Amino acid sequence: MMQRQNCVLLSDEFKIQIRDLGSMCGIFVNGRHIGVSTIVVLHNDLIEVGGATFMLEIEPIYANRPLPS
């Protein structure tokens, strides 16, 4: 079951991380439970949250390209 706030994705210029916010069933990345850790996630990682699975797709943003609206 998915709750209102299961996890958070954190990003900076160099990496994207995921942190479990105390979900009932836990957060899994590529089938591994992340526990209370904050871990780096990579392109094509599978993130399981409350029975739903998401694939993380990362695309570079170029300085001269406008951001999507």
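What to note about this one:
- Qualifying strands (runs of 3 or more DSSP E) (wholly inside region 25-64; at least 3 residues being open to solvent by less than 100 Å² (accessible area, probe 1.4 Å) and farther than 20 Å from Phe14 by Cβ): 46-49
- Asp45 being acidic (Asp, Glu) and under 9 Å from the mean Cα position of the chain (by Cα): yes
- Residue pairs meeting the criteria (Cβ under 7 Å; at least 6 apart or on separate chains; first free of Cβ contacts under 8 Å to residues at least 12 places away in the same chain, in region 23-37; second not in a strand (DSSP E or B)): His33/Gly26
The values are calculated or read from the model by the stated rules, or taken from the named source; none is laboratory data. Quick caveat, the model's predicted, so the values are computed rather than measured. Cβ coordinates were reconstructed from backbone atoms using ideal geometry, including for glycine residues, and neighbour counts include every protein chain displayed. SASA here: full protein model, heavy atoms, side chains in, ligands and nucleic acids out. Shrake-Rupley method; radii C 1.70, N 1.55, O 1.52, S 1.80 Å.
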